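Working notes, beginning with the structure itself.
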Amino acid sequence: MISQKLLNPSSIVVVGASNDIHKPGGKVLKNLLDSNFKGTVYAVNPKEEQVQGIKCCAKVEDLPQVDCAILAIAAKYCPATVDCLAKEKQTGGFIILSAGFGEENAEGAKMEQHIVNTVNSVGGSLIGPNCTGFLNTNYCGAFDTPIPTLDPKGVDFITGSGATAVFIKEYGISNGLAFNSVWAVGNSAQMGIEDVLEHLDNTFDAEKSSRVIMLYMEKIENPQKLLQHATSLINKGCKIAAIKSGGSAAGSRAASSHTGALATSDVAVDALFRKAGIVRCHNRQELTTVCSVFMHPEVKGKNIAVITHAGGPAVMLTDVLSNNGLDVPHIEGKDADELLTKLFAGSSVGNPIDFLATGTAEQLGHIIDYCDTKFDNIDAMVVIFGSPGLFPNWEVYEVLDEKMKTCKKPIFPILPSIINVKDEIEDFIKNKHRINFPEECVFGNALAKVVNTPKPQPLNPEMPKIDLAAIRKVVDNAENGYLGLEEIRTLLDAAGIARKLEVEVDKESDAVAFARKAGYPLVMKVVGPLHKSDVGGVVLNVKDEQTVVREFNRLIKIPETYAVEMYPMLFGTEVFIGASKEAGFGHQVLFGLGGIFVEVMKDVKAALAPVTIDEAKSLIKTLKGYKIIQGVRGQEPVNEDLFAETVARVSALVQAAPEIAEMDLNPLLGSPTAVVAVDARIRIEK
C-alpha cells in the first residue's frame, strides 16, 4: 500500500528549498505554497534563514517530525538525508527530484538502492528519484508547470517521463482536459507505473474515484501486474489509454539513455493492452484526445452523425471514421424531411448534416434534438462549428453546452476557430468546463480507437481440456533444444491438436512398405535440415512406388538428413499457429495465414496466453486475409471454429508446459471439416 504520509501528509519539508524559483528547489516550494495544501511546510537550506516566507532550517537534523519530504539536492547527499528523515523524523513519504542515480551509473544505482532499502524499512513510499514530482488534490509536490486545476473526476496521469508530463498537461489543459493526479515516477526505484495502478485498483471507490487513467511508459516492469490491475479497473468502469514507447531499436536506445528502460516486444505490448482493454496510443496528441473522448458519455454503437456548417472538415472526418470501422449512416425519411424544413434552403440532412455557413444556433438545436430522439440509426453526434471571423459564436456554444447536458446520446464538439472565436472557446472550456477537439481527423482517429478497443478478456478463463500428465512427462524428460518427432506427436495428441499421420524412415524398404499401406498421393520430407524447402527436401504429390524409391534415395543423401518423413498428402488452406515466450509477458500465441504467407504478408495476430476460443475467433476476423479463410473464388473455407479451438489448445499446451520457448505449427491445412497440423517444431528451454 502507498503510505498516507505521501498521499495526504500533515507536514511537508522541501530539502534544498530556494528563493530562486527558476531552480527545482525554489519552484517546487512555490508550487507547494500555491497549492491546496493545508498542513505545515518546512524548508531546509544551510545558506538561508528564510525561504519564500518560510523559516528555514540549516540541516534536516534540526527539523521536528515531518510526514513527507521533497528532496532537491545533489544525489550524493540524498542517502544520508533519507536515513535521517526516515529513522529520526518518522518521515514516510519521499519525493526525490534529484538526478544522478541508477539512470547514470553503477555508483548512482547503489545510492538509489540504499534509499529504497531505508524507505522500505519504515514502511514508507518513494516517488523518483530523477522525476518532476507528484501532485494530487491534497498538495502539489512537483517543480514543473503548468499545474492544472485539479478535479476529482479528472484524469489520473501516471508517467515515466517528467518532460512528457509537461507537454501532455499543456496540450490537455489548453483543450479543457481536467486532471485529478499526476504521478511522475522517474526511475521507479521503489514505485513504478504498475504499483500506482495497483494502488488505484485497491483503493477504487465507485463514488469518488476518477474513471479515466492515462499512462506514458518506456518500460513495462511487470506485465502481469499491469494486466491484472488494468483489467480489474476497466471492469470496475474505468477507462485506460497508454503510450508504450521505445518499441523500435532506435527508440529502445533513446529510452535506455533516458531512464534505463529496455525495449519490449511491441507485438507483446499490443497483445497485453488488447487483453486488458487498454487503448494504445502512439503520440501525445492521440493520448490526450483519447482521454478527452473518455471524459464524455460512452458511445454505445458505431453510427455517428456529423453535424457541420463547413463541408470540408465534415468530409475529412467522415473519411477517417469510415476508414476506421465506424459508420456515418445515411439519414432519410419523414423525420429527415421535416428537419430540412427548419433549415435554410440548400442545407442537407443526409449525413453529414450540413446547415451552411449561415446556420444559426436555433437550427443547431433542432438538428441535435432530431439526432437524439428521432433518428434511431444514430449513436453519437459530432458538431463541427467554427467561424470565418464575421460573427461571434457565443449563442451557438451556449446551445451546444445545454444540449450536451440534456441529450441521451454523446455529443463531441469540434471547435476549430481557435483564433477567430478564441474568447468563446475559452469560455466554453473554462466556465462551462467542456473539452474542445480542435482538429476533426485527430478526433476521428481517437474515437475509432476507443470504440474499436475490445473489452478486457477474462484472466482465468475456462480452457479446452488437455492431458496434463502426458504433457508434463514429455517436457520433464526432455533436454533443452528441439523435440524429436515422437515427442512432438505425443504433445500434440495430449493437447487435442489434430495432426497428420506420418512416419520417419531411414531405409528404402520401410519407405516402400509405408507407401503400400497408406496409399497415394504422399508427401516426402527430409528430417534434419532446418529449412527443408531451401535444400530441395520436400516432395509433394508422390503418386507411385517408383517415385517413392527414387525420391527416398535422393532425399536421404541431402546433408544433415538422417531420415525421411512420409505422410498422406492433405489438402486445404494453409494457416499458421505459433507460440513464443516473452520475458515477463508469458507466452504469445500467434496465428494467421500459413506457409510462405507468414513471412511474406506477415498477416498474423498475437494474443497473450490464455487465449480463449472466443478471443481467437474475434482476432481471426481481423486478419487482412480473412476472406481467404472464408473461402474465395471457389476455394473451400477454413472451419473458423476448429481454427479458433486449435489456437486455444496451443495456448493451453504452452501454459501447461511453460518450458516451451518456441512452437510452430506451419502449416496447418484448414478445410470445412478439419484443421490438421502438417508440420510442427517445438523448442524447449528450461
If you go through 551, 486, 560, 504, the only one that is at pLDDT below 95 and in a helix (DSSP H, G or I) is 486
So the strands (runs of 3 or more DSSP E) completely within the range 70-164 holding 3 or more residues that are modelled with pLDDT under 95 are 150-159
When the range 21-41 is checked residue by residue, the ones that are in a loop (DSSP other than H, G, I, E, B), open to solvent by 60 Å² or more (accessible area, probe 1.4 Å) and either touching a helix residue (DSSP H, G or I) at 6+ places or on another chain (Cβ under 8 Å) or at pLDDT 95 or above (or both) are 21, 22, 23, 38
Filter the range 353-380 for residues that are hydrophobic (A, V, I, L, M, F, W, C) and part of a loop (DSSP other than H, G, I, E, B); the one that is surrounded by the fewest Cβ atoms within 10 Å (Cβ to Cβ) is 357
Worksheet item: Would you say residue 383 is closer than 27 Å to residue 449 by Cα, β-branched (Val, Ile, Thr), open to solvent by less than 20 Å² (accessible area, probe 1.4 Å) and under 39 Å from the mean Cα position of the chain (by Cα)?
Response: yes
Checked 586, 594, 631 against criteria (over 29 Å from residue 278 (Cβ atoms) and surrounded by 17 or more Cβ atoms within 10 Å (Cβ to Cβ)); the one match is 594
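Conditions tested, residue by residue: (1) free of Cβ contacts under 8 Å to residues at least 12 places away in the same chain; (2) open to solvent by 20 Å² or more (accessible area, probe 1.4 Å); (3) under 23 Å from residue 584 (Cβ atoms); (4) under 19 Å from the mean Cα position of the chain (by Cα).
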{"position": "183", "(1), (2), (3), (4)": "no, no, yes, yes"}
{"position": "195", "(1), (2), (3), (4)": "no, yes, yes, yes"}
{"position": "202", "(1), (2), (3), (4)": "no, yes, yes, no"}
{"position": "205", "(1), (2), (3), (4)": "yes, yes, no, no"}
Checked pairs for the range 232-243, first within 11 Å of residue 213 (Cα to Cα) and touching a residue at least 40 places away in the same chain (Cβ under 8 Å), second in a strand (DSSP E or B) and open to solvent by 10 Å² or more (accessible area, probe 1.4 Å), C-beta under 9 Å and 6 or more apart or across chains, list as 241/280; 242/216; 242/280
inquiry  = Kindly evaluate residue 446 against the criterion of being over 30 Å from residue 386 (Cβ atoms), crowded, with 19+ Cβ neighbours inside 10 Å, in contact with an Asp or Glu (Cβ under 9 Å, 6 or more places away or on another chain) and at pLDDT 95 or above.
reply    = no
Taking the range 304-352 and the residues there that are within 30 Å of residue 621 (Cα to Cα) and of a type in the set (S, T, N, Q), the one that is surrounded by the fewest Cβ atoms within 10 Å (Cβ to Cβ) would be 323
Wholly inside the range 583-686, strands (runs of 3 or more DSSP E) that include 2 or more residues that are under 26 Å from the mean Cα position of the chain (by Cα) are 586-593, 604-608, 660-670
Of 70, 54, the only residue that is surrounded by 17 or more Cβ atoms within 10 Å (Cβ to Cβ) and without any contact (Cβ under 8 Å) to a residue 60 or more places away in the chain is 54
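The values are calculated or read from the model by the stated rules, or taken from the named source; none is laboratory data. Bear in mind the structure is a predicted one, so any value in this text is a computation, not a measurement. Positions of Cβ are backbone-derived with ideal geometry, glycine not excepted, and every protein chain shown enters the neighbour counts. We work out accessible area using only protein heavy atoms, side chains counted, and drop any ligands, DNA or RNA first. Shrake-Rupley method; radii C 1.70, N 1.55, O 1.52, S 1.80 Å.
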